[in-house]
Amino acid sequence: MPTRTAPFDVPAGRAPSRRGSASSGGPTVAAVHSCVFPSDLGWIGLLTFRGSTGELAIGRLAFGHETAAAAGKALRWAQTRDQRSPAAEDPTASEPPSGDSAETSGIPATWLTDLQAFAAGTPTDLSHLPLDLSYMTDFGRRVAMACRQVPWGETISYGQLATRIGSPGAARAVGAVMARNRHPLIIPCHRVIASNGALTGFSAPQGLIMKQRLLAHEETG
């Protein structure tokens, strides 16, 4: 599938709060960009910004949306919730344009093509994609990094993931981290299941049906 994007600017605000920081809003964001693009799992949206080091990082990923506008709306809603930015709540903000533009607002094209390949069911390594995990506690970051190491086509229980990070018995806390995952697909929370093999809640559009779909295409990919 060719990479066709619908770019749109998201007003610059503040990065998600840094745990332990004296500032509730975190450091000022130098630039914030987003784009939405089609995939076999519906429209995907990325929100990115540059932190204090200047490195571009993914702050949010939304997927499974039927239209570009829906994906853009999901990102704006997430930014409002994450940053509490008045600019993000502007009701006059325009919907993201749709079309065949190749403009990606500075987001590397390889990020988009890798995500499209993943969505198409092609085994794809997404470990190179840089993420902003500043909204997480140290425990949350350990859970996220361990989840990223679960290979394509494999699953792990919440309890096993807790044990893997050295916190046996913390399955419920691991579940809470997964429920707040801002980077689905990249942090593959769909691969985390109950100890009895049951699938639990999934926040993407279509919920558990989408989780089943992701696991099914990894079994055959």
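The values are calculated or read from the model by the stated rules, or taken from the named source; none is laboratory data. Keep in mind it's a predicted model, so treat the numbers as computed, not measured. A quick note on method: Cβ atoms are made from the backbone with ideal geometry, for glycine too, and the neighbour counts reach across all protein chains shown.
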Where the second residue is assigned to a helix (DSSP H, G or I) and acidic (Asp, Glu) and the first is closer than 17 Å to residue 46 by Cα and lies in the stretch 114-139, which pairs have Cβ atoms under 6 Å and are six or more apart or on separate chains? none
Pairs please, first residue from the stretch 40-64 and within 16 Å of residue 126 (Cα to Cα) and in contact (Cβ under 8 Å) with a residue 40 or more places away in the chain, second anywhere and part of a strand (DSSP E or B) and hydroxyl-bearing (Ser, Thr, Tyr), Cβ atoms under 6 Å, 6+ apart in sequence or on different chains. 56/48; 58/48
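Filter the stretch 34-58 down to the residues that are of a type in the set (S, T, N, Q) and out of contact with any strand residue (DSSP E or B) (no Cβ under 6 Å at 6 or more places or on another chain) and list them by number. Walk me through it before giving the result.
Kept after step one, since they are of a type in the set (S, T, N, Q), are these residues of the stretch 34-58: 34, 39, 48, 52-53.
39, 52, 53 - these are the residues of the stretch 34-58 that are of a type in the set (S, T, N, Q) and out of contact with any strand residue (DSSP E or B) (no Cβ under 6 Å at 6 or more places or on another chain).
With 161, 185 as the choices, which residue is within 16 Å of residue 121 (Cα to Cα) and in contact (Cβ under 8 Å) with a residue 12 or more places away in the chain?
Values: 161 fails: within 16 Å of residue 121 (Cα to Cα).
Only one candidate passes the filter, namely 185.
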With the checklist (1) at pLDDT 75 or above; (2) crowded, with 20+ Cβ neighbours inside 10 Å; (3) out of contact with any Asp or Glu (no Cβ under 8 Å at 6 or more places or on another chain); (4) more than 19 Å from residue 134 (Cα to Cα) in hand, flag the one item residue 40 doesn't pass. (2)
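Out of the stretch 143-192, which residues are among the β-branched types (Val, Ile, Thr), outside any loop (DSSP other than H, G, I, E, B) and farther than 26 Å from residue 64 by Cβ?
The first filter runs over the stretch 143-192 and keeps only residues among the β-branched types (Val, Ile, Thr), leaving 143, 150, 155-156, 163, 165, 174, 177, 186-187, 192.
Filter again for outside any loop (DSSP other than H, G, I, E, B), leaving 143, 156, 163, 174, 177, 192.
Once the filter is applied, which keeps residues that are among the β-branched types (Val, Ile, Thr), outside any loop (DSSP other than H, G, I, E, B) and farther than 26 Å from residue 64 by Cβ, the stretch 143-192 yields only 163.
Can you confirm whether residue 114 is among the charged types (D, E, K, R), surrounded by fewer than 20 Cβ atoms within 10 Å (Cβ to Cβ) and within 18 Å of residue 36 (Cβ to Cβ)?
Yes; evaluated as a whole, the condition is true for this residue.
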Tell me which of these residue 49 doesn't satisfy, since it passes every other one: (1) surrounded by fewer than 21 Cβ atoms within 10 Å (Cβ to Cβ); (2) at pLDDT below 90; (3) in a strand (DSSP E or B); (4) not hydroxyl-bearing (Ser, Thr, Tyr). (1)
